[in-house]
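The values are calculated or read from the model by the stated rules, or taken from the named source; none is laboratory data. Quick caveat, the model's predicted, so the values are computed rather than measured. Because the Cβ atoms are built from the backbone with ideal geometry, glycine has one as well, and the counts that use them run over all protein chains shown. Quick note on the areas: whole protein, heavy atoms, side chains included, nothing else; ligands and nucleic acids left out. Shrake-Rupley method; radii C 1.70, N 1.55, O 1.52, S 1.80 Å.
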Amino acid sequence: MAQKPSIPKGTRDFSPHEVARRNYIIGIIRQQFELFGFQPIETPAMENYDTLMGKYGEEGDRLIFKVLNSGDFLKKVSPGSKSLQDVRELTPLISEKALRYDLTVPFARYVVMHQNEIDFPFKRYQVQPVWRADRPQRGRFREFYQCDADVVGAGGIIQELEFIQLYDRVFTALGLGGVTIKINHRKILSGIAETIGAGNHLTDFTVALDKLDKIGREKVEAEMLEKGIPAEAIEKAAPLFELGGTASKQFSALRELLSRSTTGMEGVAELEEILSLTEALGLESASCKVDITLARGLNYYTGAIFEVAAPETVPMGSIGGGGRYDDLTGIFGLPGVSGVGISFGLDRIYLVMEALDLFPASLEQAVEVFCLNFGKEEARAALRLVLRLRSRGIRADLYPDQAKIPKQFKYADRKKVPYVVLIGNEELQAGTFMVKDMATGEQQAYDLEQWESFSRLLKP
RNA sequence: GUGGUUGUAGCUCAGUUGGUUAGAGCGCUGGAUUGUGGUUCCAGAGGUCGCCGGUUCGAGCCCGGUCUUCCACCCCA
């Protein structure tokens, strides 16, 4: 190889150690998804360009990876045309496909395409990679996994309650206690914008408000001004900046502020109901709290919105998010289908769990039993034992070469094997095998013909 | 997309105002130890200093470009 090989920026290889840990997280998430009645689907890595573009706002369009057309991709571009000067005009001419940016829009597309086969309400989950042409940082990659669960065709607030429970169960099962599920309601945000007279700046308003606890009130106000929100409007929003204390205090303050906004009042009522029912149901290890500044950028949310924050001790952006979107499939020609969904950010959850040292040590063990190789005859006896153990569902292996015993032991040690089996000449003559417990150093001999008494120790 | 930062042995990192042969710890290989790992001792191997170009008698060190890492914006899982 003349040049050192490399992989694209923001992508990663995963070695066995990491895959074991990732699969552990995915396994728990899947298990909980299925316990809650969700069924898995998968969609292609590539979608049509038009399916994705325009669904995530201007910023989103920029972050979508476009796939260059095959063959003569310039054939639709006339030489000297203006489109050569403007990428936004040029891109659709040379690209008809793009990499999946999230799992929600492809799901909406799926629902529309398969609407006649689907029994509504439809609960699906999906664990697949997505791609964003973002600049990488810690916990931010260009290729990363999302684990989504969504329900389409179900109104009411039962689903919202279920998703809060689902978040709690997954993080509890992962041993990741102390996460905060922040909830807000899009109708409250529109109500506020409407009330203060910034209705046509809803997105700018919420995006700026979202930064309140990060950059402080003054800078938020400055950003709102800069985006063209009138000063009087910002002044009217003052109660928001001072919002604090208990949930009930926040709700009464919101009621006062939003008294003349039907939409806003609806949002307050719904959020309050969700919160009180969640309190009544109880959570195992997560806490749930209202956060009026929570905005979430995606503009398709219309109802409750969620975001999960890692425990405060770990610096990390959100590790999950979601919400209700009343009419996502409308853009693909199927109006009136509501949906709610949440997403788990696998890669970030991994980093948080790593920082808190929450992965079980047993994930390191590729095999439970490892036989040393003492030579031709001995190895044959060992192989028979290995095959028998495997037939009992015990992960077992044999060192393939007759290497020096310390070297084989060292190999077993590095692989964190709990039990090493020795069948040397002595054992072969006696018809036994020696089992060494690597943690305690104790050794115990077993009759080769009574191997099952050993296997029962591992798998009763 | 904007501004900054990082890159030296398999890994973590030293490396002086530019000066001969680029170092350490861990790991690896061999030996003390032909049936006992995780502890010890001895020896050894391992480097186009990210890549390309420039300045200089001379570049790991200075300059430009590029790729990568991480950080702050933007935005987000």
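Here's a check for you: in the stretch A:270-304, which residue that is small (G, A, S) and at pLDDT 90 or above is nearest to A:P335 (Cα to Cα)? Applying the filter and picking the extreme gives A:G303. Which of the residues spanning the stretch A:205-230 are within 11 Å of RNA strand B (Cβ to nearest atom) and either open to solvent by 50 Å² or more (accessible area, probe 1.4 Å) or among the basic types (K, R) (or both)? Answer for the stretch A:205-230, where residues must be within 11 Å of RNA strand B (Cβ to nearest atom) and either open to solvent by 50 Å² or more (accessible area, probe 1.4 Å) or among the basic types (K, R) (or both): A:V207, A:D210, A:K211, A:K214, A:I215, A:K219, A:A222, A:E226, A:K227.
Of everything in the stretch A:414-428 that is within 8 Å of RNA strand B (Cβ to nearest atom) and of a type outside the set (A, V, I, L, M, F, W, C), the residue that is farthest from A:K376 (Cα to Cα) is A:R414. Considering the stretch A:170-196, the residues that are open to solvent by 20 Å² or more (accessible area, probe 1.4 Å) and part of a loop (DSSP other than H, G, I, E, B) include one that is farthest from A:Y325 (Cα to Cα), namely A:G175.
Scanning the stretch A:1-52 for residues that are open to solvent by less than 70 Å² (accessible area, probe 1.4 Å) and of a type in the set (S, T, Y) gives A:T11, A:S15, A:Y24, A:T43, A:Y49, A:T51.
Answer with yes or no whether A:E143 is open to solvent by 90 Å² or more (accessible area, probe 1.4 Å) and either in contact (Cβ under 8 Å) with a residue 12 or more places away in the chain or farther than 27 Å from A:L174 by Cβ (or both). Against the criterion (open to solvent by 90 Å² or more (accessible area, probe 1.4 Å) and either in contact (Cβ under 8 Å) with a residue 12 or more places away in the chain or farther than 27 Å from A:L174 by Cβ (or both)), A:E143 does not qualify. Take A:L351 and decide whether it is within 23 Å of A:L258 (Cα to Cα) and within 14 Å of RNA strand B (Cβ to nearest atom). Taking the combined requirement at face value, the residue does not satisfy it.
Looking only at residues of the stretch A:182-234 that are more than 22 Å from A:K289 (Cβ to Cβ) and of a type in the set (V, I, T), we find that the one that is modelled with the lowest pLDDT is A:T203. Output the residue which, of all residues in the stretch A:67-80 that are out of contact with any Asp or Glu (no Cβ under 9 Å at 6 or more places or on another chain) and open to solvent by less than 80 Å² (accessible area, probe 1.4 Å), is farthest from A:E143 (Cα to Cα). Checked the stretch A:67-80; the qualifying residue farthest from A:E143 (Cα to Cα) is A:G80.
Specify which of the listed residues (A:I292, A:I342, A:I331, A:I274) is within 15 Å of the chain's Cα centre (by Cα) and among the aliphatic types (A, V, I, L, M). Of the residues listed, the single one that is within 15 Å of the chain's Cα centre (by Cα) and among the aliphatic types (A, V, I, L, M) is A:I342. When A:A233 is tested against the conditions (1) over 24 Å from A:E270 (Cα atoms); (2) open to solvent by less than 50 Å² (accessible area, probe 1.4 Å); (3) in contact (Cβ under 8 Å) with a residue 60 or more places away in the chain, the lone failure is (3). Here the helices (runs of 4 or more DSSP H) wholly within the stretch A:246-364 that include at least 3 residues being open to solvent by 40 Å² or more (accessible area, probe 1.4 Å) and over 18 Å from A:V179 (Cα atoms) are A:247-257, A:262-281.
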